[in-house]
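This report refers to the structure that appears directly beneath it.
Every number here is computed from the coordinates shown, using simple stated rules; none is lab data. All figures in this text were calculated on a predicted structure; none of them were measured in a lab. Heads up, the Cβs are rebuilt from the backbone with ideal geometry, glycines too, and the neighbour counts pull from every protein chain shown.
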Amino acid sequence: MNSYDVIVIGGGLTGSVLSYELAKKKVKVLLLEKDASLNNATTSSYGGISYWGGTDKLTNQLCEEGINIYRNLREELSENIEFRELDLLFTIDPSQDVEKLIADYQKFYIKPEFLNIDESKQLEPLLNPNAISGCLKFPQGHVNPEKMILAYQKQFIKLGGKIEKELVTFIKNKHNKIEGIQTNKNIYFSPQVIISAGAFSKQLLENLGLNLPIYFSHAQLIKIPSSEIKLRTLVMPCTSKRLDTEKEITGEERISMWKNPNNEIHSDVLEAGAIQFLDGSFCLGQISQIITNIDTSINSKVSERRIREAIAKVLPSLSVLQGTWYNCQVAFSQEMPFQARKIEEIEGLSLFSGFTSPFVFVPPLARHFAHYLVENKDSIIEQLPSLR
Ligand SMILES: Cc1cc2nc3c(=O)[nH]c(=O)nc-3n(C[C@H](O)[C@H](O)[C@H](O)COP(=O)(O)OP(=O)(O)OC[C@H]3O[C@@H](n4cnc5c(N)ncnc54)[C@H](O)[C@@H]3O)c2cc1C
């Protein structure tokens with residue numbers, strides 16, 4: 001009774017979508033999620049689908065496949081996940097070199113359009129014209145993240161999938177071969193286990209003696225209940241500082257810091273961004289800090305003040321709205337914008353985690369990865385460079 005073809009750990013975006021894609025292929029799947037209530041990186045997210053963001057043949061193809069999946073997802077999942085197409089505005093600070101930014105962003109699959117201050121203000125009236133020297137505009141998709149994972153989970157269950165709200169405490173393996181999972185309540189048997197536990201993926205891998213290039217940051221944001229104010233676009237600053245820091249921090253010389261987790265702040269990036277969901281509520285963000293202790297405590301008062309001060313410059317009317325501060329941990333990986341692969345060291349163990357821009361990449365890659373796991377071949381997964 002407690003035997004499955006595959007066990008997936010983590011009911012966020014990555015685990016929910018992958019479980020559904022496996023169940024579609026008639027695989028008997030158990031999805032294990034530690035939290036009874038939804039409170040993870042996915043539910044803290046803006047839900048932006050950056051299908052413009054491919055930078056090579058592989059990621060361009062995934063962007064194309066990704067947005068096409070979303071355009072048909074309402075029909076496929078029989079649920080309204082509030083998918084829509086809306087503009088993404090990257091605000092340019094007056095101190096930034098506009099020409100250089102435009103040149104830098106030419107590497108993407110879809111090139112941005114530069115909007116001067118008047119054009120930016122016309123598209124997004126909430127912007128403070130004195131705080132910008134223009135914007136880069138990209139076409140972007142958008143969903144309600146919580147509705148999206150719930151819709152995937154609902155269809156997964158309809159296809160025969162099982163979800164248990166239990167904490168995975170141990171991945172059982174014998175002679176480097178997967179046997180199953182131990183949770184705080186049960187033991188489950190399976191020859192295949194997939195780690196999709198977001199920021200906690202690193203810890204689960206380490207418990208098996210595996211040090212793979214997957215890391216996490218601590219993100220902080222403010223959720224604002226429904227308001228009369230209307231934000232028309234997804235607003236973010238025009239900077240790659242967070243992604244640059246993630247790369248830098250995973251460089252060879254820094255790897256040792258992850259071996260001794262502590263509360264030191266190795267990097268701190270504040271990106272003043274905002275999205276309004278269709279129910280009128282907002283998410284204002286975000287601070288991303290690299291602190292190696294996953295359980296570190298963040299000073300919520302200082303964090304909320306910093307986010308509000310940054311938002312006050314760019315979108316002043318949003319900065320004063322009452323809201324609730326949240327923090328979460330977000331996985332990221334080195335070299336690739338995702339890890340979707342079997343782990344060679346332990347037969348039956350796979351990793352599907354560490355995504356940058358997961359909302360665009362997870363749906364197509366979950367489809368490819370499910371195909372790969374079932375058929376033992378897939379044109380996309382086979383192109384991915386090896387993990388080490
Ligand atoms: C403010 C903010 C805005 C963002 N905006 C965007 C955006 O616009 N577009 C975009 O693409 N991305 C965005 N992101 C990033 C994106 O939200 C995350 O990268 C993504 O949702 C991560 O999904 P996940 O499945 O890897 O992790 P999670 O959503 O964190 O899910 C992992 C799950 O695993 C469970 N778990 C962990 N350990 C165990 C265990 N031992 N046993 C059982 N369960 C376990 C956790 O409880 C959790 O539910 C944003 C992030 C933030 C913070």
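A compact table of results
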read-out	value
Reach of K154 by Cα under 17 Å, taken over lysines that are not fewer than 8 positions away in the same chain	K24, K25, K26, K28, K162, K165
Under the Karplus curve 6.51 cos²θ - 1.76 cosθ + 1.60, θ = phi - 60°, whole-Hz ³J(HN,Hα) for the stretch 276-287, x wherever Gly or Pro sits	10, 7, 5, 7, x, 7, 10, 10, 10, x, 9, 9
Peptide ranges 130-140, 190-200, 295-305 listed from the most packed, as the mean C-beta count within 10 angstrom indicates	190-200, 130-140, 295-305
Choice from A370, A36, A274 showing the highest fluctuation, given a GNM over the chain with Cα pairs closer than 10 Å	A36
Calculated from backbone phi, Karplus (6.51, -1.76, 1.60) coupling profile of the stretch 371-382 in Hz, x at Gly/Pro	4, 5, 5, 7, 9, 6, 7, 6, 4, 7, 4, 5
Three-way shape call for the stretch 41-90 based on the alpha-carbon gyration tensor, with the a/c threshold at 1.5	oblate
Relative contact order [Cα under 8 Å, 6+ residues apart], the stretch 1-51, whole percent	39
Relative contact order (%) - the chain, alpha-carbon pairs under 8 angstrom, separation at least six	23
Residue among T245, L88, L349 farthest towards the positive dipole end of the chain, charges placed on Cβ	L349
Cβ-placed point charges (K, R +1; D, E -1), dipole of the stretch 296-361 about Cα centre in debye, nearest 20	520
Charge dipole magnitude, Cβ of K and R +1, D and E -1 - the chain, Cα centre, debye nearest 20	880
Amide hydrogen neighbours beyond the local backbone of I214, cut-off 5 Å, H modeled	none
Residues of type aspartates and glutamates that K259 reaches as a straight line, Cα spacing below 18 Å, ignoring anything fewer than 8 places off in the same chain	E206, E246, E248, D295
Global geometry of the stretch 79-148, whether rounded, prolate or oblate, following the gyration tensor of its Cα atoms and the 1.5 cut on a/c	oblate
Filter on K34/K172; K137/K223; K57/K111; K241/K301 - keep pairs with C-alpha separation over 21 Å	K137/K223; K241/K301
For the stretch 141-204: rounded, prolate or oblate by the Cα gyration tensor [a/c cutoff 1.5]	prolate
Hz values of 3J(HN,Hα) by residue in the stretch 94-100 - Karplus curve (6.51, -1.76, 1.60), Gly and Pro given as x	x, 7, 8, 8, 4, 4, 5
For the chain, calculated [θ]222 nm from helices alone, where every DSSP H run of n ≥ 4 adds -39500 (n - 2.57)	-9000 deg cm²/dmol
